[in-house]
1. Using a/c under 1.5 as the rounded threshold, could you call the stretch A:57-140 rounded, prolate or oblate? The axes a ≥ b ≥ c are square roots of the C-alpha gyration tensor eigenvalues, and prolate needs a/b larger than b/c, oblate otherwise.
2. For the stretch B:291-332, what does the convex hull of the Cα positions come to per residue, in cubic angstrom?
3. Can you give the mean number of other chain Cβ atoms that lie within 10 Å of the Cβ atoms in peptide B:291-300?
4. For peptide A:87-100, what's the mean number of Cβ atoms from other chains within 10 Å of each residue's Cβ?
5. For the charge dipole of the stretch A:69-132, defined by +1 on Lys and Arg C-beta atoms and -1 on Asp and Glu C-beta atoms about the Cα centroid, which residue among A:L115, A:V93, A:L76 has the Cα displaced farthest towards the positive pole?
6. Given 10 °C and 1.306 mPa s, how large is the Stokes-Einstein diffusion coefficient of the stretch B:36-185 in µm²/s, with Rh as the Kirkwood radius over Cα pairs?
7. In peptide B:43-54, how many Cβ atoms from other protein chains are near each Cβ within 10 Å, on average?
8. Looking at the square roots a ≥ b ≥ c of the eigenvalues of the Cα gyration tensor of the stretch B:221-350, which shape do they give, rounded for a/c under 1.5, prolate if a/b is larger than b/c, or oblate?
Amino acid sequence: MKPHRHNLSAAFLCCCLTLTACSTGDSARAGESKPNAGAEHHNDEEDFAGDPMGVASRWADGLPETLPTDRRDEYLEVLTPLPSARVVRLVRVGAGRYRALVASEVESGRKAVILSIQRGSEAEWRVDSIDIGASTAYWPNL
Amino acid sequence: MTATVLPPGRRTLIAAIVLLALLWPTTGLGQSSADNDTTTFPSASQAARAVVESGRLGSGVQSLSFEGITAMERLGDSSHWLVEVSVSADRGSVRLPMKLSDTRRGWVVEWMPDPRYERALSQILDGRALPSADTADGVLDRWNAAVRIPSLPIILRDGRAVTPVGTARLSNGPRPPQALQELVGTWVNDVTERARGPASIDLLAAPSSTWNHLTSVAYAAAAAGLFRMYLIVEDGSEDFAALSTATPVSGSGRGLDPKSALILGMDEESVVGPEGIAHRPFRLSVAGELVEPDASPAPCAASTALCLTSPDALGDALIQLLERTYASPPSVSHVMFAATGNVEIGQAIPYLAHVAPSLGIDRGRLFVGYIGETADFTESTRRPGERR
C-alpha cells in the first residue's frame with residue numbers, strides 16, 4: 001500500500017520547530033572546519049611528549065626569516081600586518097602530528113599560515129611543511 | 001657523599017610540580033596564578049602535564065595521567081590560552097579543559113576545572129556509564145582523536161548539569177534553568193573571554209537522563225552561540241566515541257531550514273506487539289510534510305511512520321519509506337532527531353547514531369530537537385553570553 005503525504009500543521013512539526021529561542025545564537029561563530037575522520041588515537045605517552053607549541057612559537061618569532069623563499073610574497077600577504085602575526089591555534093591531528101595556525105588575526109574569510117608539525121626520528125618536534133589555509137580551520141561548523 | 005644530578009629541565013619540572021601542589025588552592029577562575037607569582041613552566045606541555053600529575057585531578061575514583069595536549073586556542077589578543085588535554089584512566093581516555101597563560105617568564109596555570117567536575121568525570125569513567133551507540137566501525141570519531149578546538153564539557157546525571165565552572169540543578173522540563181544559563185555565561189565570558197572559536201559542548205549524559213535534560217542543555221548552549229554538541233558515547237571499543245550533532249540554532253541563516261529538513265520524532269511510549277517484543281514508534285516529516293503510511297506499521301498507532309524493534313533497523317526502514325513515498329529522493333539539507341521530553345537519553349542515542357549514516361548526510365547537518373510544548377523561551381531567557 002502506497003504511503004501518502006499531506007500538509008501538516010500538527011503539533012509534532014510545530015513543536016519540533018519551535019526553536020526560535022535559539023535563533024539569537026551568535027552565527028558569527030560559524031566557520032570552516034576540517035573533518036575529524038582519519039584522526040588516529042594512541043595511548044602511548046611518548047606520542048605526545050615534547051613541545052610542538054614551542055616549535056610553532058619560535059617559527060612565528062623568527063618571521064619573516066623563517067618563510068620559505070619560493071612563496072615568500074604570498075605568505076607575507078597572508079600574515080599582514082606582519083608585526084602582529086603569531087600562533088593563534090594548535091590542534092593535534094594525529095599521533096605525533098599537530099597543526100599550528102599563524103595569523104595576524106582570526107576572522108572568517110581570512111587566511112592563515114598553517115604549520116604542519118611532526119615528531120622527527122629522534123623524537124624532536126619540527127616544522128614539516130608550511131601551507132596557507134582558512135584562519136577558521138578547525139572551528140566547529142554547521 | 002654523592003648526589004644524583006638531574007638535567008636542568010628535569011629539575012625545573014620537578015620543582016615546578018612541587019611548587020604547583022603547594023600553591024594550588026590559590027588558583028581559581030578569574031584569579032590569575034600569575035598575579036600570585038606562582039609557578040612558571042618552560043612550555044605549555046609541561047604546565048599542562050604538571051596540572052594533571054599534581055594529583056589534584058586524580059581526587060576522584062580514578063587517577064588520571066597526562067597523555068598530551070589535544071588543542072590550544074589563543075583567547076583574543078591576550079596571552080591566555082584555552083587548552084584541552086588528553087588524560088587517560090584505567091577505563092579510557094578523556095579530554096579536560098584548562099587555561100594557561102604565556103607570560104614573559106614562562107607558562108602559568110590560569111584556571112582549571114572545578115573539583116566537582118573532575119569527581120563526576122571520574123565516576124563516569126569508573127562506571128563506564130554513558131549511552132551506547134553501537135554503529136558500524138568508523139562511523140563515530142574517537143572522542144580524544146576528534147580534531148577540533150576546545151569545548152565546554154557538561155556531565156548530566158542525577159538531574160544536575162556538572163560543568164568545569166560549577167553545577168546546576170535541572171528542572172523536569174526542557175526550559176534551561178537560570179543557574180545553567182549562568183554557568184554557560186561564565187564559560188563564554190570568563191573562561192573563553194568571549195573568543196569566537198570555541199563554540200561547542202561535549203555532553204556526557206547518564207543513560208537515564210531524560211530528553212528534557214538534554215534539551216535544557218542544548219537550549220542554554222545554543223543561546224550563547226555554542227552550536228556544536230558532541231554526544232559522548234560508548235560504541236563497544238576501549239575508548240569513548242563522539243557523536244557530532246548541532247544544537248537547535250534556527251533563523252540565523254546557517255541553521256535549520258524547515259523547508260529542506262527531515263525531522264524524525266521519537267515517541268516516549270513503546271508498543272508491545274503480540275509476540276511480546278517492544279516496538280518504538282517514530283513520526284517523520286520531510287520539508288514540512290508529515291509522512292504517514294496508508295497502513296500504520298503494526299503494532300504502532302496510525303500516525304506512525306516507522307515502528308522499529310531495534311536501532312539497527314532504522315536505516316533500511318527509513319530509506320524504504322522514503323523510496324515508497326517519493327518518486328525521486330527528496331532534497332534534504334538538514335536532519336533533526338527529536339524526542340518527547342521523558343524519553344531517556346540512553347534509549348534515544350542508539351537510534352540517533354544511525355540517522356546520519358543511514359541518510360548519507362554529513363554529521364554536521366544533524367540537529368537535535370524536542371517534541372512538546374516548548375512555550376517561547378525567548379521572553380524569559382537572558383542570553384548567557386551577555387555580561388550582566
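Bear in mind these aren't lab numbers, they're just calculated from the coordinates by the rules spelled out. Note that this is a predicted model, so its numbers are computed, not measured. Because the Cβ atoms are built from the backbone with ideal geometry, glycine has one as well, and the counts that use them run over all protein chains shown.
1. Details: a/c = 2.00, a/b = 1.27, b/c = 1.58.
It is oblate, given that a/c is not under 1.5 and a/b is not larger than b/c.
2. Values: hull volume 3.1 nm³, N = 42.
It is 73 Å³ per residue.
3. Numbers: counts 5, 5, 4, 4, 3, 0, 0, 0, 0, 0.
Averaged over the peptide's residues, the number is 2.
4. Details: counts 4, 9, 8, 10, 11, 14, 4, 2, 2, 1, 0, 5, 1, 1.
For peptide A:87-100, the averaged partner shielding equals 5.
5. Sorting the options by dipole projection puts first A:V93.
6. Stokes-Einstein gives a translational diffusion coefficient of 95 µm²/s.
7. Mean number of neighbouring Cβ atoms from other chains: 2.
8. Numbers: a/c = 1.89, a/b = 1.19, b/c = 1.58.
It comes out oblate by the Cα gyration axes.
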